[in-house]
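**Q** To start, I am sharing the structure in question, which I have written as structure tokens.
The values are calculated or read from the model by the stated rules, or taken from the named source; none is laboratory data. Owing to the predicted nature of the structure, the values given are computational and were not obtained by experimental measurement. Cβ sites come from the backbone with ideal geometry, for glycine too, and all protein chains shown count toward neighbours. Quick note on the areas: whole protein, heavy atoms, side chains included, nothing else; ligands and nucleic acids left out. Shrake-Rupley method; radii C 1.70, N 1.55, O 1.52, S 1.80 Å.
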Amino acid sequence: LRPAFSAIVKKSDSKLAFEYVDITLEQGKMMLLESNYTAVLHIPHNILHANTAQLFFEKQPSIMVQRHIENKVESIVESLKLKQYQIDKDDFYSVKTNFKLNTIRFKETGEEEEVTYEKALVGFVFSLFIYLFIFLYGVQVMRGVIEEKTSRIVEIIISSVKPFELMLGKIIGVAMVGLTQFLIWTILTFAAVNVGQSVLFDINYGTQNLSSMQMTT
């Protein structure tokens, strides 16, 4: 294979189109700047061994676009390798296996619980939220202490309360603010989900009624 470029453009029907041209890397970069191409894909001459290519762009493409390009190039490289090793494509796909591993937690009580990627992702997201809450409100406590020390208000407050009571009040106050915000977000999210479900239910129910009426008529 010789070095090649694939210029990728957006079509009106939101699909990707590939235009294959045999030019140098610098010519491809200039083409990207001076034309209406979305990106330039550089395919090296050793693609069958390197299994990698370079995508040059001005605007970041979405993950779906990148996956589409990867799948497209992967299928072409796969076909070239099959041809190189004289393997029939039908025979190859007949023995190709998509393996899937199911993870199951075995408890001491004998119960089995399937652990999926979605559950692990939910746990990670909530752990990240907890960390962010603790970090942000800890910063607020530190900022309040710095402001009071800078403005020398803390000297007046210390004369009437103990330092431990002052710090405890700050921590409790900021914690209550955070819990209040979290409670408001929870209520709004719950209300939005219920409203969305009711709207979707009405739409589906109305569509089903309309279909049943058309069938009866």
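**Q** With no solvent and one point per C-alpha, what does the Debye sum give as log10 I(q)/I(0) for region 117-202 at q = 0.15, 0.18 Å⁻¹?
**A** Treating every Cα as an identical point scatterer, log10 I(q)/I(0) equals -0.75, -0.90.
**Q** Working from the pairwise distances between different alpha carbons, so that the mean of 1/r is found and then inverted, what is region 40-196's Kirkwood radius in Å?
**A** Its Kirkwood hydrodynamic radius stands at 23.2 Å.
**Q** If you count only protein heavy atoms with a 1.4 Å probe, what accessible area per residue comes out for region 127-174, rounded to a whole Å²?
**A** Per residue, region 127-174 has an accessible area of 81 Å².
**Q** Here is a further query. Among Lys15/Lys89; Lys15/Lys59; Lys15/Lys96; Lys29/Lys83; Lys15/Lys72, which pairs are too far apart, with a Cα-Cα distance over 20 Å?
**A** As for pairs spanning more than 20 Å Cα to Cα, those are Lys15/Lys89; Lys15/Lys96; Lys29/Lys83.
**Q** Same structure again: Using all C-alpha to C-alpha distances in region 86-165, build P(r) with 10 Å bins and read off the rounded percent in each one.
**A** Using 10 Å bins, I get a P(r) of 13, 18, 15, 15, 14, 12, 6, 5, 2 for region 86-165.
**Q** A further question on this structure: Zone of Tyr93 (label point 7 Å along Cα→Cβ, backbone N under 18 Å): which residues in region 42-78?
**A** 71-78
**Q** Ranked highest first by the average count of other Cβ atoms within 10 Å around their residues, in what order do 96-106, 180-190, 39-49 fall?
**A** 39-49, 180-190, 96-106
**Q** Taking a temperature of 20 °C and a viscosity of 1.002 mPa s, what whole-number D in µm²/s does Stokes-Einstein yield for region 53-101 with Rh from Kirkwood over alpha carbon pairs?
**A** Rounded, D is 163 µm²/s.
**Q** Can you tell me how much longer the chain between Leu121 and Gln66 gets when fully stretched, taken as 0.36 nm per residue apart minus their C-alpha distance, in nm with one decimal?
**A** 17.6 nm
**Q** Ordered by packing density, taken as the mean number of other Cβ atoms within 10 Å over each peptide's residues, highest first, how do 151-157, 169-175 rank?
**A** 169-175, 151-157
**Q** To continue, here is another question. Take the Cα atoms of region 20-89, find their three principal axes, and give me the spread along each one in whole Å, biggest first.
**A** 42, 27, 17
**Q** A further question follows. Which sequence of Tyr137, Tyr20 reflects their accessible areas, 1.4 Å probe, from the largest down?
**A** Largest to smallest exposure gives the sequence Tyr20, Tyr137.
**Q** Which lysines, if any, have their Cα less than 17 Å from the Cα of Lys149, not counting same-chain residues under 8 positions apart?
**A** Within reach: Lys162, Lys170.
**Q** If you don't mind, another one. Could you give the C-alpha radius of gyration of region 107-153 expressed as a fraction of 2.2 N^0.38 Å, taking N as the number of residues it contains?
**A** Relative to the rule-of-thumb radius for its length, region 107-153 sits at 2.12.
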